[in-house]
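Presented below is the structure to which this report refers.
The values are calculated or read from the model by the stated rules, or taken from the named source; none is laboratory data. Just so we're clear, the structure is a prediction, and the values are computed from it rather than from any experiment. Every residue, glycine as well, gets a Cβ built from its backbone with ideal geometry; the counts of neighbours run over all protein chains shown.
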Amino acid sequence: MTIKTENGLLVFLDALGVSNYNQDQCVDFIEKKYKIRDDLKFILEKWGIHFEKELGETLLKPEIASFQDSIILWWPSTQEENSSDFLLGAGNVVSAFIHLAINERIFFRGAMSFGEYVYDESPSNVTILGQTLVEARNYHDVTEWIGVIQAPSVEREYIKHLKNIAGVDSKKLNAKIYSYDVMKKFETIFTPYDVPLRKELNEIGSLTKKKFFVVSWPQLTYQNEADGEGLPILDILLEESQSPKNVQYKSKYDNTLDFAEWYRSSGKFYPRQK
């Protein structure tokens, strides 16, 4: 047993509708969850080769743990020399995860948080505790869609990071004022978006949306589509939205499709450079 306090990035992901599954569906979910995990590891191995050859960097891969219908991805902030940017890399990894899950008709919403957490690993178990995980879990639950947002702790780190890239002195500028060009450069990874919220969890009057930096997963959807590759991600979401068995979740599917359409129509999609 190894118990230690670490600092880093956590992503809490929770699957939609699993609490209503029967026994057979639960077995199927567990099998799919392992397949998604294995497929993600395979993709990251391929991406790792690309990073080494094309960029001369080491792609930082997440640790992965799961319990019930939730999955946690995490990256300790201590990095190897010549490692890729783990904040930006995490956005790409989560985007791939969302795609793999939707292809298996598993739909996750989640949130990213940054800070200290207590980590315990034994041969039979992994335990992660702390306010960083609590923040990610709490923020994932306020959204009314399928996707991943940055909780405030990550937004602070991300804005600071953009300022550093832009060469901006953070002491002289408000936290929301940083290089627009730098933010645009990374909108294929994280983009600001007015995310639909669950009304019963909203504590700010009649507000039903709030702007977060969110994982730009439609970038990969349209990129694969343009390359004649990939999976019918949007078709799957539309089918689920129109299915009579999903009436209680229809707004989540519709809000997710609205985000994908907004991403394309607002000109945020950039085709892969060949």
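Restricted to the range 214-261, and to residues there that are under 18 Å from the mean Cα position of the chain (by Cα), in a helix (DSSP H, G or I) and among the aromatic types (Phe, Trp, Tyr), the residue that is farthest from residue 103 (Cα to Cα) is 259. Considering only residues in the range 1-21 that are polar (S, T, N, Q) and farther than 21 Å from residue 74 by Cβ, the one that is nearest to the chain's Cα centre (by Cα) turns out to be 19. Here the range 10-34 is the region considered, the condition is being in contact (Cβ under 8 Å) with a residue 12 or more places away in the chain and not in a strand (DSSP E or B), and the residue that is surrounded by the fewest Cβ atoms within 10 Å (Cβ to Cβ) is 19.
Looking across the range 202-213 at every residue that is of a type in the set (A, V, I, L, M, F, W, C) and not in a strand (DSSP E or B), the one that is modelled with the lowest pLDDT is identified as 204.
Out of all the residues in the range 187-201, which are part of a loop (DSSP other than H, G, I, E, B) and at pLDDT below 85? 198, the sole residue that qualifies. Restricting the search to the range 97-141, which residues are of a type in the set (D, E, K, R), surrounded by fewer than 15 Cβ atoms within 10 Å (Cβ to Cβ) and in a strand (DSSP E or B)? Hits for the range 97-141 are 116, 120.
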